[in-house]
1. Stokes-Einstein at 20 °C, 1.002 mPa s, Kirkwood radius from Cα pairs: D for region 1-64 in µm² s⁻¹?
2. So if we plug the beta-carbon distance of LYS6 and VAL55 into 1/(1 + (r/R0)^6) with R0 = 30 Å, what FRET efficiency do we get, rounded to 0.05?
3. With Cβ to Cβ distances under 13 Å as the rule, what net charge do the other residues near PHE17 carry (K, R +1; D, E -1)?
4. Among ASP32, ASP19, ASP12, what's the order by accessible area (1.4 angstrom probe), most exposed first?
5. State the extension gain, in nm to one decimal, for the chain segment bounded by GLN23 and THR35, taking 0.36 nm per residue of separation less the distance between their alpha-carbons.
Amino acid sequence: MPQYNKLFTPKDSAVVFIDHQPQMTFGVANIDRATLINNVVLLAKVAKEFGVPTVITAVETESFSGYVWPSCLTSFLARKSSSARR
């Protein structure tokens, strides 16, 4: 089967969450902030449910709130098994 017709699986894909931090939401103007957070949390839960490897990045400094949104972090850390979390 040609590679472009192949369905993605958790073994050959990943979800990357980049800088989902409280201070970064202030720069978002084209979507309601609550909708943005809900969409990201939903994507994190779907990745968890299907066992898709997840990468989380965050700028962590003392002067800039570098912590990932608590609702997202809870979704990221609540993995079904340790093998799904790499």
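The values are calculated or read from the model by the stated rules, or taken from the named source; none is laboratory data. Computed from a predicted model, the values in this text were never measured in an experiment. Here the Cβ positions follow ideal geometry from the backbone for every residue, glycine too, while neighbour counts run over all protein chains shown. Heads up: the accessible areas ignore ligands, DNA and RNA and are worked out on the full protein's heavy atoms, side chains in. Shrake-Rupley method; radii C 1.70, N 1.55, O 1.52, S 1.80 Å.
1. Values: Rh = 13.9 Å.
Roughly 154 µm²/s, to the nearest whole number.
2. Numbers: r = 22 Å, r/R0 = 0.73.
Efficiency computed from Cβ-Cβ geometry: 0.85.
3. Details: positive: LYS45, LYS48; negative: ASP19.
Charge balance near PHE17 sits at +1.
4. I get ASP32, ASP12, ASP19, largest accessible area first.
5. Extra length from GLN23 to THR35 when fully extended: 2.7 nm.
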